Every structure is written in structure tokens, then in C-alpha cells.
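Peer 1: Let me give you the structure first, and then I'll get to my questions.
The values are calculated or read from the model by the stated rules, or taken from the named source; none is laboratory data. In this text the structure is predicted, and so the values were computed from the model without any measurement. Every residue, glycine as well, gets a Cβ built from its backbone with ideal geometry; the counts of neighbours run over all protein chains shown. When the accessible area is computed, the model is the full protein with side chains, heavy atoms only, and any ligands, DNA or RNA have been set aside. Shrake-Rupley method; radii C 1.70, N 1.55, O 1.52, S 1.80 Å.
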Amino acid sequence: ATQRPLETIARHVATPAYVYSSATHRPPARVMQAQFKGQLVYPVGTTRKHDKLLYRVYSDRNSGEYYIFDAALQEASFFDAEQPWLDPDRMASVRRVRYAARDGLMIDGFLTLPPGKPDKNLPTVIVPHGGPIGVSDRWGWDADAQFLASRGYAVLQMNYRGSGGYGNAFEKKGFGEWGGKIIDDITDGARWAVAQGVADGKRMCIFGASYGGYAAVMSAAREPELYRCAIGYAGAYDMNLLYSDSVTTKKASGRLFWEDAIGKTVEARRLQSPISYLDQLKAAVMIVHGEDDIITPLSQAKALRSALDARKKPYQLLIKSKEGHGFRNEDNRVELYDKLAAFLEQHIGK
């Protein structure tokens with residue numbers, strides 16, 4: 001078990017905990033885990049004599065704090081916080097959930113609920129992670145989920161097939177399924193939330209970044225009756241165009257991965273492209289992109305905009321200069337969240 005990634009172990013146990021193979025970290029970790037119940041304790045560093053050890057403590061409501069453990073005193077003292085302006089008592093709790101996809105594959109997910117609200121019939125935002133292959137969401141504090149929950153929305157994230165941390169066989173199930181069974185897994189999660197009574201099936205949107213942006217637009221096109229709006233952030237929408245101008249495919253290894261994961265032919269990549277299915281789209285669309293993105297270049301946002309224009313379908317557009325694959329400038333991030341909140345309120349209410 002000590003050879004498995006620590007996050008994988010933490011993801012699959014009922015109570016959050018880390019398992020340590022290091023004899024140096026094991027005893028203090030046990031003391032700290034007892035002190036910080038319900039949170040994860042992770043080793044960061046140590047002095048050469050191992051008399052002082054640094055640990056990071058975090059949870060779904062705590063974005064990260066650091067403590068120094070004194071081996072002689074067998075106690076920890078606070079050192080620093082990553083975001084001291086955040087009040088954990090005002091943050092939303094995150095539940096681990098699990099549901100069956102339509103072919104029987106079990107999918108893990110995380111449900112974030114707005115604080116102080118009954119968990120019934122809520123306007124809901126589905127947030128698929130990026131990647132998609134080998135990447136996964138983990139239990140803990142998430143900026144997007146917490147922001148959306150603070151505005152009154154339930155948030156569902158899922159580790160669809162292809163996600164990392166569930167073994168090689170699970171990861172391989174995502175190859176060739178970017179626009180197929182992965183989207184089915186996301187759809188099945190959305191319908192599961194409705195069946196559980198948590199989500200209002202008439203007030204649902206989907207929002208994601210990178211592959212998550214791809215999944216948002218593809219899901220809305222494939223399931224026109226399910227989503228009221230879709231937000232693509234640094235997303236990919238035309239896979240043939242992306243194959244030709246992404247930095248990922250400049251190397252032979254990147255091209256081989258793309259051909260295995262998406263498609264070897266122009267036609268295969270066309271069938272994996274969200275812009276190929278926009279005729280059936282009913283959801284309102286918001287496009288967010290950075291001008292300097294080299295992972296999913298701005299040409300992707302332009303291609304989606306042109307395809308929507310050709311079909312006379314409305315959309316909102318937010319493009320920022322000097323931004324890459326996701327916004328880093330604080331003012332731009334604030335503007336994104338403000339416009340995201342207004343867009344969601346317009347289409348699924350507060």
C-alpha cells in the first residue's frame with residue numbers, strides 16, 4: 001500500500017487520512033492526525049536532525065495551513081496559512097459521492113453544497129475537470145466549487161473514466177472517448193444528482209476549464225434538454241485545428257498521444273469536436289479565453305465563436321490579453337467570477 005500515491009489512498013478511505021511509509025514522519029503524523037481530525041496532514045519538510053518537521057494541514061473547508069511539529073515536545077505549532085483571509089466556518093463542506101455510469105462503471109465524485117441551504121432542489125453547476133487522461137479531482141478545498149457554492153449553487157465534480165488515480169485499466173477507458181463515454185459519465189452524474197433530489201433538473205449549467213471547457217460545450221450540445229447554459233474556459237472545440245497548432249503536438253510524443261487518445265484521422269477528430277454538434281445546441285454559451293494560451297490557443301475560442309455566429313446562436317465572450325491557459329491576474333479572475341455569477345443568475349437563478 002505504501003507504493004500507491006498518497007492522494008489515491010486518501011481518496012478511497014471513508015475518513016480522510018494519509019498513510020506514511022517513512023518512519024520519520026509516521027509517529028508525528030499520528031499525533032497531528034489526532035489533533036486535526038477530519039483534515040489531511042501531509043509532510044512538507046524536516047530538519048536534518050528530524051527534531052522539527054513541517055506539515056501541511058488541509059480539508060474541504062481549509063485551503064491549507066502549515067504547522068511545525070516539535071519532536072521533543074510532541075506538539076505542533078502554527079506557522080502560516082496559504083489564504084489567511086478565508087474563514088473555514090464560512091466555507092462549504094464537500095461530500096464524496098459515487099454513482100453508476102450507464103454501462104455499470106462506478107464513478108467517484110464530489111458534491112459541494114451551499115452553506116446554510118437545504119440540500120434539495122438546488123440550482124446546480126456541473127464542473128468536469130481538465131485533462132482528461134490521468135488528471136483527477138481530489139477531496140479538499142477548491143476555489144471554483146467554493147465560489148459557486150457561496151452563490152447558492154450545488155456543485156458536482158466527477159472523476160469520469162480516464163481520470164488518474166484509479167488504476168491503469170480505468171485510465172485507458174478514457175482513450176478515444178473524449179466526446180463519447182466520458183461525456184456519458186458526466187451526463188450520468190448530472191442525472192444522478194437530479195434523481196437524488198439535490199439538483200433541480202430545470203436549473204442546471206455546466207462549467208469547466210481546458211478539457212472541462214470542451215466537456216461543457218460538448219455536453220450541452222449532446223444533451224440539449226439537460227443544461228440551460230455552458231461555460232467553456234480555455235477550452236478546446238475543434239480537434240483538427242488543435243492538432244495543428246497546440247504546443248502539445250509539436251513533439252512526436254505529443255502527436256502519438258493525441259492520436260491514441262483522440263483519433264488518428266481527420267474524420268475521427270472531427271467526430272470528437274464539439275463544433276460538429278452545435279446545430280442541436282440550445283444552452284446559452286459563455287466563452288472565456290486568454291490570448292497567450294499555447295495549450296489550447298485562442299484559435300479555439302475563435303473557431304467556436306465563428307461556428308456559433310454561422311448558426312446565429314448567441315454567446316458571451318471574455319478574452320483577456322497577457323493570459324495563458326487560465327487567468328492568473330487577480331483583476332481578471334475577479335472579473336471572470338463576477339461575469340460567471342451574473343451569467344448563471346441569468347439562466348438558472350440565484
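Peer 1: Computed on alpha carbon atoms, what radius of gyration and Dmax characterise the chain, expressed in Å?
Peer 2: My reading of the Cα-based Rg and Dmax gives 21.2, 70 Å.
Peer 1: Give the lysines reachable from Lys251 as a straight Cα distance under 19 Å; neighbours fewer than 8 places away on the same chain don't count.
Peer 2: Lys264
Peer 1: Aspartates and glutamates near Lys320 by alpha-carbon distance under 13 Å, same-chain residues fewer than 8 away left out - which ones?
Peer 2: Glu291, Asp292, Asp293, Glu330, Asp331, Glu335
Peer 1: Over the Cα atoms of the stretch 46-155, compute the convex hull volume and normalise it per residue, giving Å³. Before the final figure, lay out each step's value.
Peer 2: Numbers: hull volume 17.6 nm³, N = 110.
Per-residue hull volume (Cα only) is 160 Å³.
Peer 1: Something else: Please give the charge dipole size of the chain, origin at the Cα centre, charges +1 on K and R Cβ atoms and -1 on D and E Cβ atoms. Round to the nearest 20 debye.
Peer 2: On the way: 46 positive and 40 negative charges, 115 e Å.
The dipole of the chain has a size of about 560 debye.
Peer 1: Let me ask something else. Assign unit charges at the C-beta atoms only (+1 for Lys and Arg, -1 for Asp and Glu), then state the dipole size of the stretch 51-173 relative to its Cα centre in Debye, rounded to the nearest 20.
Peer 2: Details: 15 positive and 16 negative charges, 160 e Å.
Computed about the Cα centre, the dipole is about 760 debye.
Peer 1: Let me ask another. Could you sort the peptides 177-183, 167-173, 133-139 by per-residue average Cβ neighbour count (10 Å cutoff), highest mean leading?
Peer 2: Output ranking for 177-183, 167-173, 133-139: 177-183, 133-139, 167-173.
Peer 1: Distance between Cα centroids, the stretch 211-266 to the stretch 44-88: provide it in whole Å.
Peer 2: Measuring centre to centre over Cα atoms gives 40 Å.
Peer 1: Given an 8 Å cut-off on Cα distances and at least 6 residues of separation, report the relative contact order of the stretch 56-177 as a percent.
Peer 2: Details: 219 pairs, mean separation 28.9, N = 122.
That works out to 24 percent.
Peer 1: Of all the Cα-Cα pairs you can form in the stretch 37-105, what percent are over 21 Å apart? Before the final figure, lay out each step's value.
Peer 2: Numbers: 993 of 2346 pairs.
Tail fraction, whole percent: 42.
Peer 1: Grab the other residues whose beta carbon is less than 15 angstrom from that of Lys322, score K and R as +1, D and E as -1, and report the net.
Peer 2: -4
Peer 1: Let me ask something additional. For the chain, what % of the accessible area comes from carbon and sulfur atoms, probe 1.4 Å? Don't skip to the end; give the middle numbers.
Peer 2: Details: 8140 of 16150 Å².
The C+S portion of the solvent-accessible surface of the chain is 50 percent.
Peer 1: If you wrap a convex hull around the C-alpha atoms of the stretch 155-244 and split its volume per residue, what is the figure in Å³? Before the final figure, lay out the partial values.
Peer 2: Numbers: hull volume 9.3 nm³, N = 90.
Taking only Cα atoms, the stretch 155-244 has a hull volume of 103 Å³ per residue.
Peer 1: R0 = 45 Å: FRET efficiency of Asp80 with Phe175, Cβ-based, nearest 0.05?
Peer 2: Working: r = 42 Å, r/R0 = 0.93.
About 0.60, to the nearest 0.05.
Peer 1: Tell me, Kirkwood radius of the stretch 94-180 from alpha-carbon pair distances, in Å?
Peer 2: Values: mean 1/r = 0.0731 Å⁻¹.
Taking every pair of different Cα atoms in the stretch 94-180, averaging 1/r and inverting gives 13.7 Å.
Peer 1: When the helices in the chain are scored as -39500 (n - 2.57) per DSSP H run of 4 or longer and the sum is shared across all residues, what 222 nm value do you end up with, to the nearest 500 deg cm²/dmol? Don't skip to the answer; put the middle values down first.
Peer 2: Details: 11 runs with 112 residues, N = 350.
It lands at -9500 deg cm²/dmol.
Peer 1: Which whole-angstrom value gives the distance between the alpha carbon centres of the stretch 105-172 and the stretch 273-350?
Peer 2: 21
Peer 1: For q values of 0.11, 0.16, 0.21 Å⁻¹, compute log₁₀ I(q)/I(0) with the Debye formula on a Cα-only model of the stretch 257-350, without solvent.
Peer 2: Ignoring solvent entirely, the Cα scatterers give -0.41, -0.83, -1.16.
Peer 1: Using Cα pairs under 8 angstrom and six or more residues apart, how large is the relative contact order of the chain, in percent? Please list the in-between numbers first.
Peer 2: Values: 713 pairs, mean separation 41.2, N = 350.
Dividing the mean separation by the residue count of the chain yields 12 percent.
Peer 1: Taking one equal scatterer on every alpha-carbon of the stretch 224-269, how large is log10 of I(q)/I(0) by Debye at q = 0.16, 0.18, 0.22, 0.28 1/Å?
Peer 2: Treating every Cα as an identical point scatterer, log10 I(q)/I(0) equals -0.53, -0.62, -0.78, -1.02.
Peer 1: Need the list of aspartates and glutamates near Lys313 for cross-linking: C-alpha distance under 12 angstrom, and skip anything on the same chain fewer than eight residues off.
Peer 2: Output for Lys313: Asp279.
Peer 1: Mind pulling the angle between the C-alpha long axis of helix 330-348 and the longest principal axis of the chain? Nearest 10 degrees, somewhere in 0 to 90.
Peer 2: 60
Peer 1: Hey, can you find the accessible area per residue of the stretch 214-344 for me, probe 1.4 Å, expressed in square angstrom? Mind showing how you got there, number by number?
Peer 2: Numbers: 5910 Å² over 131 residues.
Solvent-accessible surface per residue comes out at 45 Å².
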